[in-house]
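The values are calculated or read from the model by the stated rules, or taken from the named source; none is laboratory data. In this text, all values refer to a predicted model and were calculated from it rather than measured experimentally. Here the Cβ positions follow ideal geometry from the backbone for every residue, glycine too, while neighbour counts run over all protein chains shown.
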Amino acid sequence: MVSVPAFLLRRLYVKGSLHNRADGWGFRLKNGLGSGYAKGMLPLSLDKAEVPMEKSFFATEDVMAHVPIPDDLRSNIEFAYYPAGHMMYIHEPSRRQQSSDLAAFIGRASPPR
């Protein structure tokens, strides 16, 4: 069972939105935290429609966790997360950090001159 800490739930839950449904119950959430991710909370539904795993943020990490990559090569894969999510053009500090991270990654991956 997934448990959400109370301090986090207070930031996400839309007060008064809890309601009964024919198949159980429902409630609304608001994103008061910015970009992020949740793990182990699938299937994910949005407006009563299940969101396919391959169309969600979770797909990348899930796919990479199941791809048979040798351990000595798996260390070549890096993940980085930014406040702007995937929309770097809306948040200049995220864009600058991503550019810096990418340059550093290329530097580490390139053979010495």
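One line per residue, one yes/no per condition, for (1) among the acidic types (Asp, Glu); (2) at pLDDT 70 or above; (3) on the phi > 0 side of the Ramachandran plot; (4) touching a Gly at 6+ places or on another chain (Cβ under 8 Å):
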{"position": "GLY26", "(1), (2), (3), (4)": "no, yes, no, no"}
{"position": "TYR37", "(1), (2), (3), (4)": "no, no, no, no"}
{"position": "ALA65", "(1), (2), (3), (4)": "no, yes, no, no"}
{"position": "ASP72", "(1), (2), (3), (4)": "yes, yes, no, no"}
{"position": "GLU78", "(1), (2), (3), (4)": "yes, yes, no, no"}
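Are there any pairs with C-beta distances below 6 angstrom linking a residue in segment 62-91 that is part of a helix (DSSP H, G or I) to a residue that is of a type outside the set (Gly, Ala, Ser), with the two at least 6 apart or on different chains, and if so which?
What qualifies is MET88/ARG95; MET88/GLN98.
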